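Data block below; observations after.
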Amino acid sequence: MSKQIKVALIGNPNTGKTSVFNQLTGLNQKVGNYPGITVEKKEGVCKLPRGIKAHILDLPGTYSLNATSLDENVVIELLLNKSHKDFPDVAVVISDVENLKRNLLLFTQIKDLKIPAILAINMADRMDRKGISLDIELLEKKLNTKIALVSSRKGTGIDTIKELILEYRKLPTEPCVNASVIDKDYFENLQNAFPDQELYKLWLVITQDVNFVQLNRHTIPDTSSFNTKSRSELKRLQQKEAICRYQFINGTLKEGYKVDAGAAKGLRASLDRVLTHKVWGYVIFFAILLLIFQTIFNWSQYPMDYIDELFASFSEWAKATLPAGVFTNLISEGLIPGIGGIVIFIPQIAFLFLFISLLEESGYMSRVVFLMDKGMRRFGLSGKSVVPLISGTACAIPAVMATRNIENWKERLITILVTPFMTCSARLPVYLIIIALVIPDKRFMGLNYQGLMLMALYLIGFITAVGSAYLLHKVMKTRTKSFFMVEMPNYKVPLLKNVALTVLEKTKSFVFGAGKIILAISIILWFLASNGPSDKYANAEEIVTEKHRGQDISEEDLNTEIASYQLENSYIGIIGKAIEPAIQPLGYDWKIGIALVSSFAAREVFVGTLATIYSVGSEEESTIKNRMAAEINPVTGGKLFNLASGVSLLLFYAFAMQCMSTLAIVKRETNSWKWPMAQLILMSGFAYIVALIAYQVLK
Amino acid sequence: MPDIQTILVYAALAIAVGFLVKKFFLPKKKTKKACSNQDCGCH
């Protein structure tokens, strides 16, 4: 197999780097994480002329080689470590034709590392409209590189990049700026102390604020021949370096980059004024959100119903067609519903990411982030936390995945930890049935109590999420400084290819990531509910039939009672009985205990489990509601579902971490069991205490 | 002697439990260059 050319795509955020990556690799790409951290790693293969292939690595967006976040760390670590397996043969620095001045800072730094670098100036299709003209020949000479003028939107210039990659050995590697002039003596001493090392590499390692994952600072040993400077002196030198680079860039662009100012003003400024307005900005944003969530629910409903029906008939078909036996039962009652439980979420996830992707691609998301940042920052969150928090009202799983664009690790972690407090759609079946049972169907000033209770539960979720974010912000320490920097990219029509790839990638990630876990849990839950250790389970039919001998009881009622008796004596029933003493102070009996245990896999399982336990053939809420309303608390002798136990249950479900899939996603996103376990213990512990207080006060 | 369906059920159960144990409880292999026990900033 011939050796592939290793290419790193580097650039500032919002320069269209991912679009260029998509153009270069097409569908030959895969997404993973960098080892040890949760920064997304995108790589792919690009076919070059003459049958040669290039391995393309799409590095996280970075403004400079002075790292301030984990994402930027990844870029620096890779570029400083020649023994890294992904160390590039050639770097393609993507820049935006409208923001060339800022983008070139990174380019000049990469040149200093003496890595062959190609400058790809993207969004060239906007040059005419914006009155921009470039003297490519002069820029190539001044920047000491080769330039490709690209429009990833129109697909132009991609072939030029490919040709330049192919000829990367001919690219000059000399720096275009001599940054050491800022303190000649210091840099001379530094080079003399470590003659075998690249000077700029030494400087970067000395001045970085952050800790490296893979690069060992000890490879640069201490020496008495070199005295380094204090932190503040180094900071001052860094500032001087940036000024020196910008002086060079300004001088270069003055000659090679012209803008007709008359063409630059237009729709963008007017749109920005409205979309980031302190009143209208929020009104428009919430109107868009309302529209998105209404659409998600409305559009998802049809495919979800279809998937539900499809899996139900498939399950029935499997039971009727396959030879009777326990494995057939596992397939029809465990595996097929288990897979259905994964697939049914696909429409919601796909639609949610379709809209998020459209908002991001159009440039509107940056305005939202700017708008919300100030308010959210008070609670230790970032403007970018808004989207995951709101997505959490549909489902916490895609919401946690949506935190990936929050650069600051602490803010991202806090968002991940508090998002499950938001009222997700899986809580709705539980809320609806309990509210219908315990809250009177009466009105106050035209407002229905039951509707008000539902709204209150949504508000409780949001307030708890923001409140716990505030506490976590105060408790958690971070070594990474947080500051707000958001770029306002131009508004543009979203590229369908990018949107489609994002939706595909996120959906795949859910199905093959969390899906496997949900499936495994479904098998275990089915087994625990379908087997029992004692004779009571095995002889349930004889015992129940004997009990009703001589009584006038229909076969259907007899069968449901047998099923109920079996469940009570199954492993999961025994677990329910075992936890009964712990949940009794909350006003629950063992049957609710079983529903609590089984709904640990997913909250919506609660209603289904209770339906089986209360021996109701169907899961229709009206039927189960009547049976639940008739249940008697064995301790008090009163109704089991009254205001006290009902409110207690509602609050328990509002706060408890009753979702295995969310835990699995949190584990994947944080790369550690520490955080999902903390989430499980703290959220469920808090839920228990609140539910206990509610029951004891209201009973 | 258990029938084939029972064997298949236990096999599926073993795979499910094994998968969860492997995924959640067994430590992942780390390369030499991965995080040390110091606070390296990676999470």
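The values are calculated or read from the model by the stated rules, or taken from the named source; none is laboratory data. The structure presented is a predicted model; accordingly, all values stated were derived computationally and were not measured. Reconstructed Cβ throughout: ideal geometry from the backbone, glycine too, with neighbour counts over all protein chains shown.
Could you say which residue among A:LYS536, A:LYS481, A:LYS508, A:LYS474 is under 20 Å from A:VAL400 (Cβ atoms) and either at pLDDT 80 or above or within 14 Å of another protein chain (Cβ to nearest Cβ) (or both)?
None of the others qualify; the one that does is A:LYS508.
Restricting to the range A:434-475, give me the number of residues that are farther than 20 Å from A:PHE652 by Cα and touching a residue at least 24 places away in the same chain (Cβ under 8 Å).
4
If you check A:GLY375, A:GLY334, which single one turns out to be within 14 Å of another protein chain (Cβ to nearest Cβ), touching a helix residue (DSSP H, G or I) at 6+ places or on another chain (Cβ under 9 Å) and in a helix (DSSP H, G or I)?
Result: A:GLY334 is the single residue among A:GLY375, A:GLY334 that is within 14 Å of another protein chain (Cβ to nearest Cβ), touching a helix residue (DSSP H, G or I) at 6+ places or on another chain (Cβ under 9 Å) and in a helix (DSSP H, G or I).
Given the criterion on the phi > 0 side of the Ramachandran plot and surrounded by fewer than 19 Cβ atoms within 10 Å (Cβ to Cβ), identify the matching residue among A:GLY380, A:GLY325.
Only one candidate passes the filter, namely A:GLY325.
Can you say whether A:ILE110 is modelled with pLDDT under 85, outside any strand (DSSP E or B) and among the β-branched types (Val, Ile, Thr), as far as the supplied structure shows?
No; evaluated as a whole, the condition is false for this residue.
Within the range B:1-22, can you find the residues that are at the interface with another protein chain (Cβ under 7 Å from one of its Cβ atoms) and either in contact with a Leu (Cβ under 7 Å, 6 or more places away or on another chain) or among the small types (Gly, Ala, Ser) (or both)?
Once the filter is applied, which keeps residues that are at the interface with another protein chain (Cβ under 7 Å from one of its Cβ atoms) and either in contact with a Leu (Cβ under 7 Å, 6 or more places away or on another chain) or among the small types (Gly, Ala, Ser) (or both), the range B:1-22 yields B:VAL9, B:ALA12, B:ALA16.
Quick one: which residue in A:ALA148, A:ALA179 is under 30 Å from A:GLN4 (Cβ atoms), buried (at least 21 other Cβ atoms within 10 Å of the Cβ) and touching a helix residue (DSSP H, G or I) at 6+ places or on another chain (Cβ under 7 Å)?
A:ALA148
From the residues in the range A:341-366 that are among the hydroxyl-bearing types (Ser, Thr, Tyr) and closer than 15 Å to A:LEU275 by Cβ, which one is modelled with the lowest pLDDT?
So the residue we want is A:SER366.
Got at least one residue in the range A:532-542 being exposed (fewer than 14 other Cβ atoms within 10 Å of the Cβ), among the aliphatic types (A, V, I, L, M) and out of contact with any strand residue (DSSP E or B) (no Cβ under 9 Å at 6 or more places or on another chain)?
No, the conditions are met nowhere in the range A:532-542.
Please specify each residue of the range A:123-160 satisfying the condition of being of a type in the set (Gly, Ala, Ser), touching a strand residue (DSSP E or B) at 6+ places or on another chain (Cβ under 7 Å), closer than 19 Å to A:SER19 by Cβ and assigned to a loop (DSSP other than H, G, I, E, B).
Of everything in the range A:123-160, those that are of a type in the set (Gly, Ala, Ser), touching a strand residue (DSSP E or B) at 6+ places or on another chain (Cβ under 7 Å), closer than 19 Å to A:SER19 by Cβ and assigned to a loop (DSSP other than H, G, I, E, B) turn out to be A:SER152, A:GLY157.
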